[in-house]
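Undergrad: Would you mind keeping the following structure in view while I ask a few things?
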Amino acid sequence: MKQILLVEDDPFLIDIYTTKFKEMGFVLEVAQDGSQVMRKIAEKKIDLVLLDIVLPHVDGWEILKKIREEPGLKDLKVIILSNLGQQSEIDKAFFLGATKYLIKAHYTPSEVVEEVKKIF
């Protein structure tokens, strides 16, 4: 069973994504602010991170940089799930090592689950 870490600060979205991923057989961990992410990755065997950019304390860009700087995490899959849709944001994500970039407004929660399944 694949373990996913959802990094999201919106309680409504957390609830929806938790339900959808569990229905599809995934184990979903949640970090509601950027300062929790590296600890959760260290504690659990995370297979993929679904990462928002706009977060309290530490933003998604810093988290992505930290993940890619850790030698043991260089192969960890990171999907950016954000409402930031400018091409410059998308380019930055891939430059920093994102696996995929999904704009929240363009995908239903079920479609996000399907995109995650494609990676495994």
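The values are calculated or read from the model by the stated rules, or taken from the named source; none is laboratory data. From a predicted model like this one, the values you see are computed outputs, not experimental measurements. Glycine also receives a Cβ, built like all others from the backbone with ideal geometry; neighbour counts cover every protein chain displayed. Please note that ligands, DNA and RNA were not included when accessible areas were found on the heavy atoms of the full protein model with its side chains. Shrake-Rupley method; radii C 1.70, N 1.55, O 1.52, S 1.80 Å.
Undergrad: Run the numbers on segment 1-112 and let me know its relative contact order in percent, using alpha-carbon pairs under 8 Å that are six or more apart.
TA: Across segment 1-112, relative contact order equals 24 percent.
Undergrad: A further question on this structure: Give, as a single signed number, the net charge of other residues whose beta carbon lies under 14 Å from the beta carbon of residue 58, with Lys and Arg counted +1 and Asp and Glu -1.
TA: Charge balance near residue 58 sits at -3.
Undergrad: Sticking with the crude label model, points 7 Å out along Cα→Cβ, report the distance from residue 12 to residue 95 in nm, one decimal please.
TA: 3.3
Undergrad: Here's a follow-up. Okay, which of segment 11-45 sit inside 14 Å, backbone N to the point 7 Å along the Cα-Cβ direction of residue 62?
TA: 33-39
Undergrad: Further question on the same structure: If you roll a 1.4 Å probe over the chain with all protein chains in place, what percent of the accessible area is carbon or sulfur?
TA: Within the chain, the accessible surface is 52 percent carbon and sulfur.
Undergrad: Which whole-Hz ³J(HN,Hα) couplings does segment 64-69 yield from phi under the Karplus relation 6.51 cos²θ - 1.76 cosθ + 1.60, θ = phi - 60°, glycine and proline marked x?
TA: Computed from phi, the couplings for segment 64-69 are 4, 4, 4, 4, 6, 7 Hz.
Undergrad: Give me the 1.4 Å probe accessible area per residue for the chain, excluding ligands and nucleic acids, in Å². Display every interim value, and only then the final one.
TA: Values: 6240 Å² over 120 residues.
So the chain comes to 52 Å² accessible per residue, rounded to a whole number.
Undergrad: Using a Cα-Cα cut-off of under 12 Å, which aspartates and glutamates could be cross-linked to residue 44, ignoring same-chain neighbours fewer than 8 residues away?
TA: Qualifying aspartates and glutamates at Cα under 12 Å: 29.
Undergrad: Right, another one. Over 25 Å between Cα atoms, which of 20/118; 20/65; 22/66 qualify?
TA: 20/65; 22/66, as the Cα separations exceed 25 Å there.
Undergrad: Which value, in debye to the nearest 20, gives the size of the charge dipole of the chain about its Cα centre, when Lys and Arg are +1 and Asp and Glu are -1 at the Cβ? The partial results should precede the final answer.
TA: Working: 17 positive and 20 negative charges, 93 e Å.
With Lys and Arg at +1 and Asp and Glu at -1, about 440 debye.
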